[in-house]
Amino acid sequence: MRRIGRRNQNAENRTPRPRQGAHSSVKNAARIRNLVDDVGPSTARSCGAVMSWMFKVALRHGAVTVNPVIGVSIPRNRTGKPQALDAVQYQDLRQKLIHWEAAPALDRPRTQELHEISDFLIATGVRPGELFALRWNDVDLDAEPPTVFINATVIRTTAGGVRIQNHPKSQHGIRHLTIPDFLVEQLRERSKRQTESRTPNSLNLIFPSTTGTVCDANNVGKLWRKVADSIGYNWVTLKTFRKANATRIARTMGVEDAAGPRDAGGKDRLLPGGRRELQASRRPGVPASRPRRTRTSGFEKPR
């Protein structure tokens with residue numbers, strides 16, 4: 001009896017813990033604002049959604065009186081004004097890229113690939129994954145005009161690696177593109193360097209990795225962001241070159257040519273300047289698809 005009396009007396013004297021209420025909304029709003037400053041609006045918005053769900057469950061079970069996350073405003077992503085890369089800017093960017101590549105490094109020589117990668121991307125408008133999936137038998141440098149056959153792309157595997165997918169992002173992305181003269185000369189020099197090099201290239205890739213395997217576009221993108229920031233072009237990414245290519249075509253040849261519509265009849269299409277689009281696929285196993293209009297950027301030969 002004595003023990004029971006003491007237990008009841010302790011229960012009566014115990015101060016009940018206050019439930020979470022509206023006064024904590026200010027604290028939660030401050031936490032979310034700190035998240036915005038630390039990790040950005042997108043992550044803060046995700047954390048706010050999780051916290052709101054947690055408090056909904058707590059409110060359902062009577063652990064809180066209100067949901068303190070409701071009413072907390074999270075700012076949207078700060079998107080800067082889009083910038084277009086014109087020919088003059090690209091010439092300046094290219095010169096700075098070459099200067100960066102030639103500068104001495106502390107641990108090992110810097111890559112010499114970035115300016116050639118950017119040349120190919122801006123001259124053809126292909127995606128980075130499509131570029132790194134190109135093999136030497138996909139280009140015909142002796143044709144009139146010289147062409148490149150886009151029929152594959154690089155994708156990531158579930159194991160975290162990369163591999164070549166036997167078709168581009170979409171079936172309509174299978175296409176032939178003309179190559180400007182300066183890029184033809186550059187590819188010939190590149191082929192000669194690869195032949196003289198002892199680096200293995202079992203897949204016959206035009207832009208292999210340093211070990212001769214499939215190049216990871218994500219790794220190149222990380223390096224590009226670092227270099228672009230150091231040379232004053234932090235707003236330029238690998239995708240910017242594709243947009244610059246389409247913008248230049250739209251201004252010189254029209255929006256229809258920039259979009260690259262598909263042919264309805266499946267026959268060779270006569271293009272501006274007397275060029276004719278190629279129709280047949282040259283790689284076995286590539287799904288049949290109507291090729292898109294050949295696109296040329298109009299960017300001049302790099303100085």
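Some notes on this structure:
- Applying the set (1) in contact with a His (Cβ under 6 Å, 6 or more places away or on another chain); (2) farther than 18 Å from VAL184 by Cα to THR147 leaves exactly one unmet item: (2).
- Subset of the stretch 199-230 [out of contact with any Asp or Glu (no Cβ under 9 Å at 6 or more places or on another chain) and either under 18 Å from VAL88 (Cβ atoms) or of a type in the set (Phe, Trp, Tyr) (or both)]: TRP224, ALA228
- Options VAL214, VAL148, VAL162: the member that is more than 22 Å from PHE241 (Cα to Cα) and surrounded by 12 or more Cβ atoms within 10 Å (Cβ to Cβ): VAL162
- The test for being modelled with pLDDT under 70 and not in a helix (DSSP H, G or I) does not hold for ARG76.
- Only one entry in THR178, THR211, THR252 is under 27 Å from ASP140 (Cβ atoms) and at pLDDT below 90, namely THR252.
- Qualifying residue in the stretch 113-136 (condition: without any contact (Cβ under 8 Å) to a residue 60 or more places away in the chain, in a loop (DSSP other than H, G, I, E, B) and of a type outside the set (Lys, Arg)): no
- Pick from the stretch 216-241, criterion more than 15 Å from the chain's Cα centre (by Cα) and in a helix (DSSP H, G or I), ranking: nearest to PRO128 (Cα to Cα): VAL227
The values are calculated or read from the model by the stated rules, or taken from the named source; none is laboratory data. If you're wondering where the values come from, they're calculated on a predicted model, not measured in any experiment. Positions of Cβ are generated from backbone atoms using ideal geometry, with glycine treated the same way; all protein chains shown enter the neighbour counts.
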